[in-house]
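Q: To start, I am sharing the structure in question, which I have written as structure tokens.
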Amino acid sequence: MTRERCVLAYSGGLDTSVAIRWLIEHLGYEVITITADLGETPDTDSVARRALQTGAVSAHVVDARRIFVTEFCYPTLAAGALYEGVYPLATALARPLIAKLLVDVAREEGAVAVAHGCTGKGNDQVRFDVATGALAPELRVVAPVRDWDMGRPQEIEYAARHGIDVPATVESPYSIDANLWGRSIESGVLEDPWTAPRSDVFVWTTDPSTTDRGGTEVTISFASGIPTELDGEALPPEELVAVLNTRAGAHGVGRIDHVENRLVGIKSREIYEAPAATVLHAAHAALEAVTLTRDVAQFKRAVADEWARLVYDGLWFGALRTALAEFVTATQHHVTGDVRVTLARGAVSIAGRRADRSLYRPELATYDRALDSFDHSAARGFIELFGLPLRTQTSIQGALEDEAPLQVERRALRRDG
Ligand code: ARG
């Protein structure tokens with residue numbers, strides 16, 4: 001009898017290693033694994049070999065770095081989307097991509113199910129399950145870690161009993177997920193939101209209080225809202241982000257401490273390290289400031305928030321996110337130019353910006369009378385009409401409920417005599 005097949009998203013860690021055996025033993029599947037490199041899985045081949053040793057019949061390895069950056073991170077950057085205004089969504093953006101990779105392999109291998117190593121408490125299980133359901137409703141989604149009744153010690157015991165080779169890494173006191181767009185760290189001592197993160201939380205960023213005071217400057221070039229060059233050098237997307245992670249991280253840029261509202265109703269304290277994403281968002285916003293009209297810029301803020309919520313909630317493949325993507329693309333046609341940023345002591349500041357299609361007009365903005373082409377006399381008529389409805393309303397309905405003078409301390413100096 002041929003066994004049914006299940007494709008597991010395999011990271012090589014304890015959970016998914018135990019999951020391989022568990023899927024075979026408890027659910028009778030033939031297990032196929034897929035390990036995706038999104039920039040933080042240095043040796044995918046050895047991870048895949050471990051999957052085979054643990055019982056997988058085949059182990060797929062994918063270098064998904066470029067597609068991750070170009071199809072998931074950059075559109076989100078162009079949207080200006082940060083969850084709750086701060087989180088660049090690194091983990092959340094990886095989930096729909098991994099789901100798509102699972103579905104592709106499942107179809108190719110004739111599998112009936114896909115599996116992931118998420119727990120029953122986080123957002124990621126929702127993202128995987130919902131994305132898979134959207135792409136391939138015929139596939140079952142199995143979440144062993146959510147279903148089995150084992151804690152870490154029991155998992156280690158299970159691994160030992162089945163001769164599962166789990167990498168002998170020093171056990172981290174945190175739960176960590178990382179890819180090119182950022183590193184997410186939670187649990188352990190971080191669960192007390194009053195406790196400052198210890199230095200061992202940070203791997204990509206240097207303690208900002210110890211970095212060079214003068215900092216460094218970097219110029220980022222964009223074409224239609226997409227980063228293309230660093231300091232005038234064209235780099236492949238995955239490299240541009242990696243280089244910027246290193247450069248900005250060395251100046252302590254990109255640390256985020258956030259108590260966020262999870263989709264499953266819990267507030268959770270998370271630390272993020274996202275040097276490149278932080279710098280790129282700041283630079284992109286600075287370029288938009290000179291290339292977007294006021295109407296578009298202001299409307300787009302609402303789109304950014306909505307985009308962030310959709311990504312966070314696992315609705316990447318939904319109709320609204322797709323429709324917003326067309327809007328965002330339409331706003332980016334002239335977001336082409338360069339931004340100079342200074343990175344110092346954990347902060348990114350904009351030093352300069354320029355764009356061929358910049359809407360910033362010096363001859364309109366200047367306070368130098370000799371260069372000024374702005375018609376000052378036109379302001380009078382403009383204000384007359386702009387203020388008309390307010391004057392009408394207040395003259396009939398009153399401006400204030402209480403017309404009494406403000407209760408402030410006031411003194412008048414008077415000339416003698
Ligand atoms: N809270 C973030 C999110 O939901 C990151 C979760 C990643 N997991 C972790 N082990 N830190 O997108």
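The values are calculated or read from the model by the stated rules, or taken from the named source; none is laboratory data. Bear in mind the structure is a predicted one, so any value in this text is a computation, not a measurement. Using ideal geometry, Cβ is built from the backbone for each residue, glycine included, and neighbour counts are taken over all protein chains shown.
Q: For ARG411, state whether it is over 28 Å from LEU287 (Cα atoms) and not hydroxyl-bearing (Ser, Thr, Tyr). Reasoning before the result, please.
A: Values: over 28 Å from LEU287 (Cα atoms): yes; not hydroxyl-bearing (Ser, Thr, Tyr): yes.
Against the criterion (over 28 Å from LEU287 (Cα atoms) and not hydroxyl-bearing (Ser, Thr, Tyr)), ARG411 qualifies.
Q: Another question about this same structure. How many residues are of a type outside the set (Asp, Glu) and either within 11 Å of the ligand (Cβ to nearest atom) or buried (at least 19 other Cβ atoms within 10 Å of the Cβ) (or both) if we restrict to segment 231-255?
A: 12
Q: Taking GLY117 as meeting all but one of (1) surrounded by fewer than 20 Cβ atoms within 10 Å (Cβ to Cβ); (2) touching an Asp or Glu at 6+ places or on another chain (Cβ under 9 Å); (3) small (Gly, Ala, Ser), write down the number of the exception.
A: It fails just one condition, (1).
Q: Now for a separate question. Condition first: within 22 Å of GLY265 (Cα to Cα), surrounded by fewer than 16 Cβ atoms within 10 Å (Cβ to Cβ) and within 16 Å of the ligand (Cβ to nearest atom). Can you find one or more residues in segment 121-128 that meet it?
A: yes
Q: Same structure again: Give segment 49-60 a look and list any residue that's crowded, with 21+ Cβ neighbours inside 10 Å, assigned to a helix (DSSP H, G or I) and without any contact (Cβ under 8 Å) to a residue 60 or more places away in the chain, or say none.
A: ALA51
Q: Find the residue count for segment 257-266, including only residues that are within 11 Å of the ligand (Cβ to nearest atom) and either part of a strand (DSSP E or B) or of a type in the set (Phe, Trp, Tyr) (or both).
A: The total comes to 4.
Q: Related question: Only one residue in GLU71, GLU30 is surrounded by fewer than 24 Cβ atoms within 10 Å (Cβ to Cβ) and in contact with a Cys (Cβ under 8 Å, 6 or more places away or on another chain), so which one is that?
A: GLU30 is the lone residue from the list that is surrounded by fewer than 24 Cβ atoms within 10 Å (Cβ to Cβ) and in contact with a Cys (Cβ under 8 Å, 6 or more places away or on another chain).
Q: Taking segment 21-45 as the region of interest, how many residues are at pLDDT 95 or above, hydroxyl-bearing (Ser, Thr, Tyr) and part of a helix (DSSP H, G or I)?
A: 0
Q: A further question follows. Out of segment 67-119, which residues are β-branched (Val, Ile, Thr), away from the ligand (no atom under 14 Å from the Cβ) and in a loop (DSSP other than H, G, I, E, B)?
A: First, the residues of segment 67-119 that are β-branched (Val, Ile, Thr): 67, 69-70, 76, 86, 91, 98, 103, 105, 112, 114, 119.
Applying the additional criterion that residues be away from the ligand (no atom under 14 Å from the Cβ) yields 67, 69-70, 103, 105, 112, 114.
Of everything in segment 67-119, just one residue is β-branched (Val, Ile, Thr), away from the ligand (no atom under 14 Å from the Cβ) and in a loop (DSSP other than H, G, I, E, B), namely VAL112.
Q: Hey, VAL203 hits all of (1) within 16 Å of the ligand (Cβ to nearest atom); (2) among the hydrophobic types (A, V, I, L, M, F, W, C); (3) within 22 Å of GLY39 (Cα to Cα); (4) assigned to a helix (DSSP H, G or I) but one; which does it fall short on?
A: (4)
Q: A follow-up question, please. Can you list residue pairs whose Cβ atoms sit under 9 Å apart, with the first residue in segment 310-325 being free of Cβ contacts under 8 Å to residues at least 60 places away in the same chain and the second being surrounded by fewer than 15 Cβ atoms within 10 Å (Cβ to Cβ) and assigned to a helix (DSSP H, G or I)? Count only pairs 6 or more apart in sequence or on different chains.
A: Correct list of pairs: LEU310/LEU320.
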